[in-house]
Amino acid sequence: MAMERQMDMQWWLDSKFGLFIHWGPSSVGGVEIGWDRRSHPYDHPGRARIPDAEYDQYYTRFNPVEFDADAIVLAAKQAGMKYIVFTSKHHDGFANWHTQMSDYNIANTPFKRDICRELADAVHRHGLKLGWYYSTRDWYHPDYLVGDNSKYNDFYHGQVRELLSNFGKVDLLWFDHVAGAWADYRFRELFEMIYELQPGILVNNRAARFVFGHKAGTPDPEIAELVKGDFDTPEGKIGVFMKDRPWESCIVMSRPPDGGGWSYRPEAITRSFAECAKMLSACVSGRGNLLLNAGPMSTGQLRPEEMGLLKAFGPWMQTFGEGLYETQGGPYINGEWGGATIRGNDLYLHVFEWQSGALALPPLPREVLACRELGGEDVSCRQDGNGLSLTLNGEKTRDTHSIVKLSLAEGAEVPLIPTDVESMACEQVAALEDPMGDD
């Protein structure tokens, strides 16, 4: 029997855009959070970069005195982001709150202040939605995947209970990875607790991610369905158009040469604003969300380039946000040319590629009453039985991609319309890449 829930997913479907924050003591060394710790016990090959004894002592120097939760939350809000997901605990086992389940937490750093508490209070104060990232995988805890894993189950269930009990309303729980066998975990008990403590919460699809292979056993079908959660999480890439399954791409703002970049890496290069805006449109037109990641420095501040990127989104979203928020991807299936979103009788074309200032698409089943480019020049639009054609008037260059609004006549719901199939992205949304792998 399915567990009773009071889930309301509409806020998430309407929001489209969120801020991911990966942060912890790894910022002291400017190394990848979790992944640069040499040992990954019982779980995943290590990267052999930072000896455990060195990595595990970063917390003794973690003192982000410039951390201002209000400043970060307001920067996200002004960028048009509607929710924040923060790393309460990553694979390295360090907790960013005053957990009672382990001494390896922020209370025992020079900083001492409860980062999760301050961030949760700021998120609530400024009207955003709150999400906790929590890594079930734990390369620090001595009981992780030891014996029947019961001690570790008690530990991580206890931490999840704290996160869902002590910080007010939590809107989203973003699990990240776990290994071992199905018998090593008490997923039914976990989800019963989650939904009891926060009945309206959304949960992603990673509570049991990487529990697979011939040694993992076979899960009860109800458990297998339970751990699918409410949405998929394509990582480091744009998900493909999906009609019936919600998804959210998580992508870093700043990329180091060797991959990763989830946490602060001084050698990372921050993406351009135009690239990030295009990623957002690509996600939304594919019926997904974008969770754009920032990694604060050891001081507690966002790197200037990432803060600048957030500031650039503010005015852009004021102009183009009507083509994103509270829309649904389609009816045109998106591809390299761009994509579309629709709300009522308003259809928005997110155009990434104009061919000599023109765009040709299959015809719509409803009359186009008006056509204009948001924030730009007028666009000529013509439709007949052979197709819909748009032509830019005047200046043919844009700082970012175009969003063109079409006002449609009343009529029946517009069905999905294939475009150039060969130009579409073909990667499966369900595929999950190792974030520190070579792919």
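The values are calculated or read from the model by the stated rules, or taken from the named source; none is laboratory data. Predicted model, so just to flag it, every value in this text is computed and none were measured. Quick reminder, even Gly has a Cβ in these numbers, built from the backbone with ideal geometry, and neighbours come from all protein chains shown.
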Is the stretch 101-117 home to any residue that is surrounded by fewer than 20 Cβ atoms within 10 Å (Cβ to Cβ), in contact (Cβ under 8 Å) with a residue 40 or more places away in the chain and outside any loop (DSSP other than H, G, I, E, B)? yes
Look at PHE273 and say whether it is within 18 Å of ALA340 (Cα to Cα) and aromatic (Phe, Trp, Tyr). no
Mind checking whether some residue in the stretch 125-136 is among the polar types (S, T, N, Q), free of Cβ contacts under 8 Å to residues at least 40 places away in the same chain and touching a helix residue (DSSP H, G or I) at 6+ places or on another chain (Cβ under 8 Å)? no
From ASP52, ASP70, ASP14, which residue is among the acidic types (Asp, Glu) and touching a helix residue (DSSP H, G or I) at 6+ places or on another chain (Cβ under 7 Å)? ASP70
How many residues does the stretch 278-312 hold that are part of a helix (DSSP H, G or I) and surrounded by fewer than 23 Cβ atoms within 10 Å (Cβ to Cβ)? 8
Being at pLDDT below 95 and at negative phi is the filter here, so list the residues in the stretch 40-57 that pass it. HIS40, PRO41, ASP43, HIS44, PRO45, GLY46, ARG47, ARG49
Does the stretch 266-277 hold any residues that are part of a helix (DSSP H, G or I), under 17 Å from the mean Cα position of the chain (by Cα) and not aliphatic (A, V, I, L, M), and which are they? GLU275, CYS276
Residue pairs qualifying under the 9 Å Cβ cut-off, at least six apart or on distinct chains, with the first in the stretch 347-370 being loosely packed, with under 14 Cβ neighbours inside 10 Å and the second being among the charged types (D, E, K, R) and part of a strand (DSSP E or B), are ALA370/LYS405
Flagged pairs (Cβ under 6 angstrom, 6 or more apart or on separate chains; first in the stretch 164-190, touching a residue at least 60 places away in the same chain (Cβ under 8 Å); second of a type in the set (Val, Ile, Thr)) are TRP174/VAL85
Among strands (runs of 3 or more DSSP E) completely within the stretch 329-393, the ones holding 3 or more residues that are under 27 Å from TRP247 (Cβ atoms) are 338-343, 346-351
What are the residue pairs meeting all of these: first residue in the stretch 404-418, first residue free of Cβ contacts under 8 Å to residues at least 60 places away in the same chain and assigned by TED's automatic domain parsing to the domain that holds ASP346, second residue among the aliphatic types (A, V, I, L, M) and part of a loop (DSSP other than H, G, I, E, B), Cβ atoms under 9 Å, and 6 or more apart or on different chains? VAL404/LEU374
Quick one: in the stretch 233-265, which of the residues that are under 10 Å from the mean Cα position of the chain (by Cα) and charged (D, E, K, R) is surrounded by the most Cβ atoms within 10 Å (Cβ to Cβ)? GLU248
Where a residue in the stretch 24-35 is in a loop (DSSP other than H, G, I, E, B) and its partner, wherever it lies, is among the acidic types (Asp, Glu) and surrounded by 23 or more Cβ atoms within 10 Å (Cβ to Cβ), with Cβ under 6 Å and at least six apart: GLY34/ASP92
Residue check, SER165 within 23 Å of ILE21 (Cβ to Cβ), in the same structural domain as GLY24 (by TED's automatic domain parsing) and of a type in the set (Gly, Ala, Ser): yes
Counting only residues that are more than 25 Å from PHE231 (Cα to Cα), in contact with a Leu (Cβ under 9 Å, 6 or more places away or on another chain) and among the acidic types (Asp, Glu), the stretch 283-334 contains a total of 0
With the condition kept exactly as written, say whether any residue in the stretch 31-40 is buried (at least 17 other Cβ atoms within 10 Å of the Cβ), of a type in the set (Lys, Arg) and either closer than 30 Å to LYS215 by Cβ or in contact with a Cys (Cβ under 7 Å, 6 or more places away or on another chain) (or both). yes
